[in-house]
Amino acid sequence: MEQLDEINKHGIFKELKGTVTDFNYDTKSLTMTFEATKFHENAFGIMFGGSLAGMFDIAFGTLTAGLGDYSVAPTVQLSTTFLKGIPTGATVRTEVEAVSTGKTIMNFVGKAYVGEELVGSASGTFYDTAAI
């Protein structure tokens, strides 16, 4: 655990600065907000698309941990759709939910917003490594 904490001090997880703003165990849903900082800016002056994919990955992974029924569950598949450019300085809100949670495989969907504007969507599959 100490090694993970040390890695996260300097990794993308720290730079994405995600905050859980809502969690519902019964509906298996989670909302997180992230800041699109200068760190995420691409050559076009907007947030790099990989940062949005990372935001979804973190939100899905956080939901996996929040469900409490799984150990470490790495990403198997992550598909992100980019609908609008995200300006630097914007707050990105991800709303994610589990669509299925089996014994080993979990499937998630999510949407990302800046204000009320939909800027992206994603789906992901995660695998519970304790099943190995």
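The values are calculated or read from the model by the stated rules, or taken from the named source; none is laboratory data. In this text, all values refer to a predicted model and were calculated from it rather than measured experimentally. Here the Cβ positions follow ideal geometry from the backbone for every residue, glycine too, while neighbour counts run over all protein chains shown. The area values use the complete protein model at the heavy-atom level, side chains included, leaving out ligands, DNA and RNA. Shrake-Rupley method; radii C 1.70, N 1.55, O 1.52, S 1.80 Å.
Taking segment 73-83 as the range and being outside any strand (DSSP E or B), at pLDDT below 95 and surrounded by fewer than 20 Cβ atoms within 10 Å (Cβ to Cβ) as the test, only Pro74 passes. The set of residues in segment 85-118 being among the small types (Gly, Ala, Ser) and part of a strand (DSSP E or B) consists of Ala98, Ser100, Gly110, Ala112. Could you please find all residues in segment 98-121 being open to solvent by 40 Å² or more (accessible area, probe 1.4 Å) and farther than 16 Å from Gly54 by Cα? Result: Val99, Ser100, Thr101, Lys103, Thr104, Ile105, Asn107, Gly115, Glu116, Glu117, Leu118. Annotation note: Cβ proximity below 6 Å between a residue of segment 80-109 that is basic (Lys, Arg) and a residue that is in a strand (DSSP E or B) and open to solvent by less than 50 Å² (accessible area, probe 1.4 Å) (sequence gap 6+ or interchain) occurs for Lys84/Val119; Arg93/Thr33; Arg93/Tyr113.
May I ask you to list pairs of residues, at least six apart or on different chains, whose Cβ atoms are under 8 Å apart, with the first in segment 53-69 being within 11 Å of Gly110 (Cβ to Cβ) and part of a helix (DSSP H, G or I) and the second being modelled with pLDDT of 95 or more and acidic (Asp, Glu)? Hits for this filter: Leu63/Glu97.
All of (1) modelled with pLDDT of 95 or more; (2) open to solvent by 60 Å² or more (accessible area, probe 1.4 Å); (3) more than 20 Å from Asp22 (Cβ to Cβ) hold for Ile86 with one exception: (2).
For segment 14-40, filtered to residues that are of a type in the set (S, T, N, Q) and not in a strand (DSSP E or B), the residue that is nearest to Arg93 (Cα to Cα) is Thr37.
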